[in-house]
Amino acid sequence: MTALIVVLLAAIVAAISFTPRAFSRPADASSDSELLDGYRHVEVASVSDAMERLIGQRIYLSHRMRPIFASKFAGFALTVKLKKEENHDPDALSGMLAAIDSGGPNSVYVMVVEDGADIAGMGGLMGTAMQARGFSGAVIDGGVRDTAYLQKIGFPVFALGTVPSTSVGHYRFAGANIPLVCDGAPVSAGDIVVADSDGVVVVPRAKAADVLATAQEMDFKEHSMYAWIEKLKSIEEAVKKFGRL
């Protein structure tokens with residue numbers, strides 16, 4: 001009897017030892033890495049179309065949001081807001097700097113500068129810090145400066161325009177990792193931000209896997225159509241075959 005109890009206890013311990021952990025850090029990290037890798041290899045236009053098909057939303061930034069040089073990136077949103085306020089407070093923007101130092105690999109710095117089309121929300125110093133910390137890129141609902149240096153170090157930024165002005169003394173930090181509306185698109189911390197030469201799209205984190213799968217399918221169809229169009233010299237026939245436009 002004693003021997004039987006010992007065997008049963010050993011079996012229970014073995015079963016517990018081999019039970020998979022549902023939410024282990026390595027599994028989550030691997031999943032995030034694979035997700036971002038997928039988004040880095042699809043076209044932003046396909047992501048936009050997939051968003052509209054699956055969830056009926058068009059969460060892309062306007063034509064005003066342009067890259068300072070041709071670039072493509074994807075990452076998780078780290079949001080920052082600046083509010084307009086004339087001040088002589090040396091700490092007015094300290095929260096903005098702390099937010100940058102809280103980010104890391106795969107972060108995308110998403111900043112809204114209130115009424116800031118002619119205010120540089122970031123420049124070379126902030127870009128250098130983001131580059132050093134492994135950020136994927138930055139999206140600024142406002143201006144950007146030091147673009148020659150940002151291009152030199154290869155740090156990708158999308159912004160409303162290039163301006164030489166400063167936010168120091170004119171703005172105050174109003175929050176980090178808070179929901180924002182960036183150039184008309186809602187963005188929450190942790191959402192996936194995807195950018196390429198066609199523009200910028202924001203994908204809600206909860207929908208990211210489904211949107212990616214649909215975008216990849218759309219990409220495959222579209223890329224397959226080019227050869228058919230050239231061969232048949234007809235876009236109508238290609239659309240009939242692949243169902244993609």
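Each reported figure results from applying straightforward, stated rules to the coordinates on display, with no laboratory input. Everything numeric in this text was worked out from a predicted model, so none of it was measured. All Cβ positions, glycine included, derive from the backbone under ideal geometry; neighbour counts span all protein chains shown.
Annotations for the structure displayed:
- Pairwise Cα distances in the chain exceed 28 Å for 43 percent of all pairs.
- Residue order, fewest to most surrounding Cβ atoms within 10 angstrom, among TYR60, TYR109: TYR60, TYR109
- With the simple model of a label 7 Å out from the Cα in the direction of the Cβ, LYS84 to ARG40 spans 3.9 nm.
- D (Stokes-Einstein, µm²/s), Kirkwood Cα radius, the stretch 87-184, 0.692 mPa s at 37 °C: 245
- Fluctuation leader among ASP219, ASP141, ASP91 - the chain, Gaussian network, Cα springs under 10 angstrom: ASP91
- Among 145-151, 196-202, the peptide with the highest mean count of other Cβ atoms within 10 Å heads the list, and the full ranking is 196-202, 145-151.
- Exceedance of the 31 Å cut-off in Cα-Cα distance is limited, within the set LYS207/LYS233; LYS81/LYS207; LYS81/LYS221, to LYS207/LYS233; LYS81/LYS221.
- Per-residue Cβ neighbour rank within 10 angstrom, fewest leading, PHE173, PHE158: PHE173, PHE158
- Multiplying the residue separation of ALA209 and VAL168 by 0.36 nm and subtracting their alpha-carbon distance yields 10.8 nm.
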